[in-house]
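One structure is given here, and the rest of the page talks about it.
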Amino acid sequence: MHLVYYDESGDDGFPEYAAPLFVLSAIYGPAQDWKENFEIIAGFKRQLVKDCGLPFDVELHTRELILNKKPYAPLRLTGAQRLEIISRYCQMISQLTIRGITTAVIKPVIKAQKFDVLDRALSYSITRIERDLLSAPQNRFLVITDEGRVAKMRSTTRRLQKINYVPSQFGGTPLRREIHQMIEDPLPKDSKESYFIQLADLMACLFYMRAGLETGTAPLPARVPPELTPDVLTAWLDTLKPVLNLAAAPQHPYGLVLIPNP
């Protein structure tokens with residue numbers, strides 16, 4: 001069995017919204033590797049205590065860390081130190097036996113009057129995870145997510161198991177590909193109690209910035225440290241590349257699924 005952890009960046013509102021993008025990231029890996037991955041993350045966090053003074057029990061919120069908001073502001077880390085922490089997180093993640101997939105909904109280019117942002121992003125993600133795991137020896141998977149959107153995600157995943165139309169790569173009639181390998185409804189877990197949800201948060205934050213720059217819909221926030229340039233963001237994603245599911249969107253250098261498809 002595989003465990004799939006979700007987190008997001010932006011909001012899923014439409015047609016009214018606070019953020020122009022909604023980015024949903026999943027991190028998934030074999031259940032038998034969970035303990036080893038957990039110990040790598042815990043050891044990494046202990047090292048951050050020694051090297052950076054970052055308290056072990058502080059939950060990773062990547063956007064807040066970059067922008068020096070609570071709970072990080074009292075630590076008085078410089079911009080360069082905060083970016084170094086992100087760099088080191090990316091290096092650590094690249095060593096785990098996991099996979100990552102991200103979908104980004106670009107709201108300003110949506111032409112439909114009604115568009116269920118979370119449903120569409122999650123549908124693409126779940127479909128691609130199932131496709132990726134079809135060749136795995138143990139291809140069943142269980143979804144774990146922060147508590148806020150469990151009800152809406154449950155509705156989507158139940159529908160996907162009954163009926164799921166996937167656009168054909170060659171145009172024409174969409175293909176039916178119901179989800180067969182998912183077990184149970186999505187299960188809630190507080191992000192502060194899950195290192196893996198926090199890693200999904202990091203991936204969602206970095207891809208939000210990347211998608212915003214690529215599509216011209218969201219510039220980097222004004223409060224980012226001056227050291228954070230597009231080249232630094234690219235370097236982070238290059239570091240993560242070994243664990244990214246590039247087949248999810250072969251036309252994108254990091255496998256980022258853009259919705260609607262440009």
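Just so it is clear, none of the values below were taken in a lab; they were calculated from the coordinates. Since the model is a prediction, treat every value here as computed from it, not as a measurement. Virtual Cβ from ideal backbone geometry, glycine too; neighbours counted across all protein chains shown.
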* To do: At 0.36 nm per residue, minus the direct Cα-Cα distance, what do Leu134 and Asp116 gain on full extension? Give it in nm, one decimal, please.
  => 3.7 nm
* To do: Using 0.36 nm per residue of separation minus the Cα-Cα distance, give me the extension gain between Arg88 and Asp11 in nm, one decimal.
  => 25.0 nm
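Based on Cβ point charges of +1 for Lys and Arg and -1 for Asp and Glu, what charge dipole magnitude is obtained for the stretch 2-259 about its Cα centre, in debye rounded to the nearest 20?
Details: 31 positive and 29 negative charges, 83 e Å.
Computed about the Cα centre, the dipole is about 400 debye.
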* Within the set of other residues whose C-beta is less than 12 Å from the C-beta of Leu240, count the net charge using Lys and Arg as +1 and Asp and Glu as -1. => +2
* Structure fact -> Note on the stretch 110-161: alpha-carbon gyration tensor, axes a ≥ b ≥ c; rule is a/c under 1.5 for rounded, else prolate if a/b larger than b/c, else oblate; result oblate
* Structure fact -> Residue span Glu36 to Val58: 0.36 nm per residue of separation minus Cα-Cα distance leaves a gain in nm of 5.8 nm
* To do: Out of all DSSP beta bridges with both ends in the chain, state the antiparallel percent to the nearest 5.
  => 60 percent
* Could you line up Val257, Val150 from fewest to most neighbouring Cβ atoms inside 10 Å? => Val150, Val257
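Given R₀ = 30 Å, FRET efficiency for Ala151-Asn261 by Cβ-Cβ distance, to 0.05? Mind dumping the intermediate values first?
Values: r = 28 Å, r/R0 = 0.92.
Once the sixth-power term is evaluated, E becomes 0.60.
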* Asked: Ranked by Cβ crowding within 10 angstrom, fewest neighbours first, how are Ile179, Ile98 ordered?
  -> Ile179, Ile98
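Kindly provide the Kirkwood hydrodynamic radius of the stretch 25-79 in Å, to one decimal, from all pairs of distinct alpha carbon atoms. Provide the component values of the computation, followed by the final result.
Values: mean 1/r = 0.0778 Å⁻¹.
One decimal place: 12.9 Å for the Kirkwood radius.
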* **Selection from Phe44, Pro230, Ala136, by position along the positive dipole direction of the chain (Cβ)** => Ala136
